[in-house]
Amino acid sequence: MKSNRVSVLATAAMLSLGLTACGVIGSQADDSPVIIGADLELSGANAAVGKVYQDALELEVSQINANGGADGHPLQLVIKDNHTQPQTAVTDIASLTADPNLAAVVTGSCSACLAAVAQTLQDKKVPTISLAAADLTSLTAAAAAGAGSGGYLFKINPNAEDDAVMLAGQLQSDPSTPAHDYAVLTTDDAYGNTLASDLESQATKSNATETAKEQVAAGASDSRLRQAVQEAVDESPDALVIALLPDQATAAVAVAREERFSGAMYFDAIGAGDLFFNSDQTRNQMSGVSMVAPQDMVIDDVIATSPAETAAKEWFDAYTSKYGAFSAYSLYAADAIQLVANAIGTAHSTQRDQLRDAFENTQMEGFAGPLRFTPDSHSGLSPQALANVTVTDDGRWHLTAS
């Protein structure tokens, strides 16, 4: 399926192209592949998200290659499984970056894994796109250094601050019953800490108070999750904010229902997993839960009035046709591949400094929403990409009725 996506990708022969050992496109006759490494969580605590990322990366690469590749060169993925373990990620990145023809790297959902490899990626000057939730500046000094002018680390997923602004607005969205206090349940990592802090700052502006904060590690036992939910709702807050990956977030709602929690429940964007819920029990439990999510997660609710919306619908159709379901996480992974392809088309090169420079000057209508990178801002997703969605009686997410 050919995408109508807004893109600066050049597929015509504009310069003499090809790949050399230095990773620079040289001769038009050369059809050498462009190597993109991906270090994902295909097993371990984050495997569900990692598998979505793998599926989406492979699908987007196949679509780009079917339409002529990046500046006429096919893309080739080299995928490694870090098992959601930072030390394994270190080994994976060492292996990937040993290839002189590696053009770029995509890292997965494990924030600690990115923190562990950020220094290597910076030192080797490899343009890297993070698909983790954590803000780059919240991880390590190396990640922070890589997130500004001249750095090599970039991020596509929503920022915690933008999530927090939307969540604070939801807490006050019903003038008749605003949430005066809330409990928050977050991941036990850099992202969870940042989200809770940003939410507290935003909620204070509307006089909403945090009554409890509980953190749950990825892969935590059911008993630990249950304990965290119970402790979060013990103070009978008006609302429960859940900032966990999709499977844990859904399980937290089930526990809250069992505890007869009667307040509102809100997910932040990391809970934006599958569009549909398959079991009747889960549909009933999730009914009425709201979430911050990229609007294109529910693109089938939107009448396409622009090339970007048309392209997002085509991605939705292609992904659901191939995999039988739709996940919001697929949007970020597809955009990562398109970002690399566009940069190659702009630079007419896979030389890493040139790709980095192209990343820093990218304005792209992505599947997840508008992406705007600058030398000083390596986190590209616009806040305008986010919307409020709610689970309705048909057992799926829809745009929240205004």
Estimated distance in nm for a label pair at F276 and D123, the labels positioned 7 Å out from Cα along Cα-to-Cβ
4.8 nm
Please find the FRET efficiency linking A217 to D393, where r is the Cβ-Cβ separation and R0 is fixed at 56 Å, and quote it to the nearest 0.05.
0.95
Additional length obtainable on full extension of the chain from T320 to S173, 0.36 nm per residue less Cα span
49.7 nm
Square roots of 5 times each gyration tensor eigenvalue, C-alpha, the range 216-340, largest first, Å:
31, 15, 13
Using a simple spin-label model with points 7 Å from Cα along the Cα→Cβ vector, what separation in nm is obtained for D353 and S149?
1.7 nm
Could you check what % of the DSSP bridge pairs in the chain are antiparallel, to the nearest 5?
30 percent
Take the cross-link list K80/K313; K51/K125; K51/K155; K80/K213 and give me the ones stretching past 25 Å between alpha-carbons.
K80/K313; K51/K125; K80/K213
Projecting each Cα onto the charge dipole of the chain (Lys/Arg +1, Asp/Glu -1 at the beta carbon, about the Cα centre), which of N46, L153, L167 comes out farthest on the positive side?
L153
Sparse-neighbourhood loop sites, trypsin sites (Lys or Arg not before Pro) in the range 184-269 - DSSP loop, at most 15 other Cβ within 10 angstrom:
K205, R260
Distance between the range 182-231 and the range 336-402 - C-alpha centres, whole angstrom:
27 Å
On the principal axes of its Cα set, how long, how wide and how thick is the chain? Give whole Å, largest value first.
67, 43, 36
Pull out the extension gain between T204 and D234, defined as 0.36 nm times the separation in residues minus the alpha carbon to alpha carbon distance; nm, one decimal.
8.7 nm
To the nearest 20 debye, what is the magnitude of the charge dipole of the chain about its Cα centre, counting +1 on the Cβ of each Lys and Arg and -1 on the Cβ of each Asp and Glu?
720 debye
Need the list of aspartates and glutamates near K124 for cross-linking: C-alpha distance under 19 angstrom, and skip anything on the same chain fewer than eight residues off.
D39, D92, D99, D353, D357, E360
Rg over Rh [alpha-carbon atoms, Kirkwood Rh] for the range 179-238:
1.00
Pop the C-beta distance of S306 and N65 into the FRET formula with R0 = 41 Å and round what comes out to the nearest 0.05.
0.95
Which cross-chain or sequence-distant (5 or more) residues have an amide H under 5 Å from the amide H of M265, H modelled 1.01 Å from N in plane?
L240, S290
With W397 itself left out, Lys, Arg at +1 and Asp, Glu at -1 over residues whose Cβ is under 13 Å from its Cβ give -4
Rg/Rg_ref, the range 95-243, where Rg_ref = 2.2 N^0.38 Å and atoms are Cα:
1.23
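Just so you know, all these numbers are worked out from the coordinates, no wet-lab data involved. Just so it is clear, the structure is predicted and the values come from calculations on it, not from any experiment. Don't worry about glycine lacking a Cβ; one is built from the backbone with ideal geometry, like all the others, and counts go over all protein chains shown.
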